[in-house]
Amino acid sequence: MRNALDFWGWSPSREAFSFLEDVLEQREGRRFHSAAVVTPACDVEETPTHFLISLDMPGISKENIQVEVKDDQLFVTGEKKSESSGSRQWTERSYGKYHRAFTLGQAVQKDSIEAVYRDGVLRIALAKAEEIKPRPIAVQSDDKSGLFAKLFQKENKEEAKSLN
(Lines give C-alpha, C1' and ligand atoms only; values in the text may rest on other atoms or scores of the structure.)
Protein backbone atom coordinates (compact mmCIF):
# COMPACT_ATOMS: atom_id res chain seq x y z
CA MET A 1 0.00 0.00 0.00
CA ARG A 2 1.33 3.45 -0.89
CA ASN A 3 1.90 6.17 1.68
CA ALA A 4 -0.91 8.75 1.76
CA LEU A 5 1.74 11.43 1.22
CA ASP A 6 3.07 9.87 -1.98
CA PHE A 7 2.74 12.50 -4.68
CA TRP A 8 3.41 11.34 -8.22
CA GLY A 9 5.47 8.44 -6.91
CA TRP A 10 7.57 10.56 -4.52
CA SER A 11 7.54 9.57 -0.87
CA PRO A 12 9.02 12.31 1.35
CA SER A 13 11.57 11.21 3.91
CA ARG A 14 12.06 12.66 7.39
CA GLU A 15 14.99 14.70 6.01
CA ALA A 16 12.70 16.28 3.43
CA PHE A 17 10.19 17.19 6.15
CA SER A 18 13.01 18.62 8.26
CA PHE A 19 14.15 20.75 5.33
CA LEU A 20 10.60 21.99 4.70
CA GLU A 21 10.18 22.70 8.41
CA ASP A 22 13.35 24.83 8.38
CA VAL A 23 12.20 26.74 5.28
CA LEU A 24 8.79 27.41 6.81
CA GLU A 25 10.37 28.44 10.11
CA GLN A 26 12.48 31.05 8.36
CA ARG A 27 9.55 32.27 6.27
CA GLU A 28 6.92 32.21 9.00
CA GLY A 29 9.18 33.00 11.96
CA ARG A 30 7.88 30.09 14.05
CA ARG A 31 8.42 26.40 14.74
CA PHE A 32 5.99 23.60 14.06
CA HIS A 33 6.94 21.19 16.83
CA SER A 34 6.12 20.51 20.43
CA ALA A 35 8.97 22.57 21.91
CA ALA A 36 7.40 25.83 20.72
CA VAL A 37 6.19 28.56 23.04
CA VAL A 38 3.08 29.87 21.34
CA THR A 39 1.93 33.46 21.63
CA PRO A 40 -1.84 33.27 21.17
CA ALA A 41 -3.43 35.81 18.82
CA CYS A 42 -5.68 38.27 20.60
CA ASP A 43 -8.16 41.09 20.12
CA VAL A 44 -8.57 43.91 22.64
CA GLU A 45 -11.76 45.95 22.75
CA GLU A 46 -12.83 48.86 24.91
CA THR A 47 -16.31 49.56 26.21
CA PRO A 48 -17.28 52.46 28.49
CA THR A 49 -16.85 50.20 31.55
CA HIS A 50 -14.41 47.42 30.55
CA PHE A 51 -11.44 46.32 28.48
CA LEU A 52 -12.18 42.99 26.78
CA ILE A 53 -9.42 40.61 25.66
CA SER A 54 -10.11 37.58 23.45
CA LEU A 55 -7.29 35.06 22.98
CA ASP A 56 -7.27 32.13 20.55
CA MET A 57 -6.24 29.03 22.50
CA PRO A 58 -7.70 26.12 20.53
CA GLY A 59 -7.34 22.58 21.75
CA ILE A 60 -6.41 23.48 25.32
CA SER A 61 -8.58 22.20 28.12
CA LYS A 62 -9.85 24.78 30.59
CA GLU A 63 -7.90 23.06 33.36
CA ASN A 64 -4.64 23.78 31.51
CA ILE A 65 -5.20 27.56 31.35
CA GLN A 66 -4.04 29.96 34.07
CA VAL A 67 -4.89 33.66 34.29
CA GLU A 68 -2.95 35.57 36.92
CA VAL A 69 -2.45 39.20 37.98
CA LYS A 70 0.90 40.11 39.46
CA ASP A 71 1.80 43.74 40.13
CA ASP A 72 0.63 45.63 37.02
CA GLN A 73 0.74 42.62 34.69
CA LEU A 74 -1.88 40.14 33.52
CA PHE A 75 -0.38 36.77 32.60
CA VAL A 76 -2.16 34.13 30.53
CA THR A 77 -0.48 30.74 30.30
CA GLY A 78 -1.55 27.32 29.17
CA GLU A 79 -0.33 24.13 27.62
CA LYS A 80 -1.55 22.12 24.68
CA LYS A 81 -0.35 18.56 24.85
CA SER A 82 0.38 16.59 21.71
CA GLU A 83 -2.05 13.82 20.82
CA SER A 84 0.56 12.04 18.70
CA SER A 85 0.83 8.28 18.62
CA GLY A 86 4.43 8.63 17.49
CA SER A 87 3.79 7.94 13.82
CA ARG A 88 3.13 11.53 12.76
CA GLN A 89 4.94 12.48 9.54
CA TRP A 90 4.22 16.23 9.47
CA THR A 91 2.65 18.73 11.80
CA GLU A 92 1.71 22.38 11.50
CA ARG A 93 -0.42 22.49 14.61
CA SER A 94 1.22 24.17 17.56
CA TYR A 95 1.81 22.21 20.75
CA GLY A 96 3.50 23.23 23.93
CA LYS A 97 3.19 26.18 26.23
CA TYR A 98 1.03 29.22 25.48
CA HIS A 99 2.07 32.53 27.04
CA ARG A 100 0.84 36.11 26.78
CA ALA A 101 1.38 39.10 29.11
CA PHE A 102 -0.43 42.46 29.26
CA THR A 103 0.54 45.59 31.19
CA LEU A 104 -2.49 46.88 33.08
CA GLY A 105 -1.44 50.16 34.66
CA GLN A 106 -3.80 52.13 36.87
CA ALA A 107 -6.71 52.01 34.44
CA VAL A 108 -7.96 48.59 35.62
CA GLN A 109 -9.64 47.38 38.81
CA LYS A 110 -7.36 44.40 39.45
CA ASP A 111 -9.87 42.77 41.83
CA SER A 112 -12.65 42.80 39.19
CA ILE A 113 -11.24 40.59 36.43
CA GLU A 114 -13.31 37.76 34.96
CA ALA A 115 -12.34 35.04 32.49
CA VAL A 116 -14.47 32.64 30.40
CA TYR A 117 -13.23 29.91 28.06
CA ARG A 118 -15.48 28.57 25.30
CA ASP A 119 -14.92 27.08 21.84
CA GLY A 120 -11.14 27.58 21.97
CA VAL A 121 -11.36 31.28 22.84
CA LEU A 122 -10.42 32.71 26.24
CA ARG A 123 -12.28 35.93 26.99
CA ILE A 124 -11.12 38.21 29.78
CA ALA A 125 -13.09 41.22 31.05
CA LEU A 126 -11.14 43.87 32.96
CA ALA A 127 -13.26 46.45 34.74
CA LYS A 128 -12.06 50.01 34.27
CA ALA A 129 -11.07 52.00 37.32
CA GLU A 130 -13.77 54.48 38.34
CA GLU A 131 -11.58 57.51 37.63
CA ILE A 132 -11.22 56.65 33.93
CA LYS A 133 -14.83 55.69 33.25
CA PRO A 134 -16.67 58.33 31.26
CA ARG A 135 -19.12 60.39 33.29
CA PRO A 136 -21.60 62.98 32.14
CA ILE A 137 -20.96 66.64 32.98
CA ALA A 138 -24.00 68.82 33.57
CA VAL A 139 -23.98 72.03 31.54
CA GLN A 140 -25.43 74.93 33.52
CA SER A 141 -27.07 77.99 32.02
CA ASP A 142 -25.75 80.53 34.52
CA ASP A 143 -22.47 81.23 36.22
CA LYS A 144 -23.85 82.10 39.66
CA SER A 145 -22.54 79.00 41.45
CA GLY A 146 -19.49 76.79 41.53
CA LEU A 147 -16.02 77.51 40.25
CA PHE A 148 -17.07 79.87 37.49
CA ALA A 149 -18.97 82.09 39.92
CA LYS A 150 -15.82 82.43 42.03
CA LEU A 151 -13.67 83.11 38.98
CA PHE A 152 -16.05 85.70 37.58
CA GLN A 153 -16.39 87.41 40.98
CA LYS A 154 -12.60 87.65 41.17
CA GLU A 155 -12.41 89.03 37.61
CA ASN A 156 -15.17 91.56 38.36
CA LYS A 157 -13.37 92.76 41.53
CA GLU A 158 -10.09 93.16 39.61
CA GLU A 159 -11.93 95.07 36.85
CA ALA A 160 -13.52 97.36 39.43
CA LYS A 161 -10.12 98.06 40.99
CA SER A 162 -8.59 98.91 37.65
CA LEU A 163 -11.41 101.35 36.85
CA ASN A 164 -10.85 103.26 40.10
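Tabulated data for the structure shown
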quantity: Number of the exception - S84 against (1) at pLDDT 90 or above; (2) more than 20 Å from E131 (Cα to Cα); (3) loosely packed, with under 12 Cβ neighbours inside 10 Å; calculated: (1)
quantity: Evaluation of L24 against (1) buried (at least 16 other Cβ atoms within 10 Å of the Cβ); (2) at pLDDT below 85 (one fails), failing number; calculated: (1)
quantity: Counted residues, the stretch 41-57 - those being within 19 Å of Y95 (Cα to Cα) and either modelled with pLDDT under 90 or loosely packed, with under 12 Cβ neighbours inside 10 Å (or both); calculated: 1
quantity: Subset of the stretch 85-122 [in a loop (DSSP other than H, G, I, E, B), touching a residue at least 24 places away in the same chain (Cβ under 8 Å) and farther than 11 Å from G59 by Cα]; calculated: Q89, W90, T91, E92, L104
quantity: Evaluation of D71 against (1) farther than 20 Å from Y95 by Cβ; (2) touching a Leu at 6+ places or on another chain (Cβ under 7 Å); (3) surrounded by fewer than 18 Cβ atoms within 10 Å (Cβ to Cβ) (one fails), failing number; calculated: (2)
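The values are calculated or read from the model by the stated rules, or taken from the named source; none is laboratory data. As the structure is a prediction and not an experimental result, all values here were calculated from the model. All Cβ positions, even for glycine, are placed from backbone atoms using ideal geometry, and neighbour counts span all protein chains on display.
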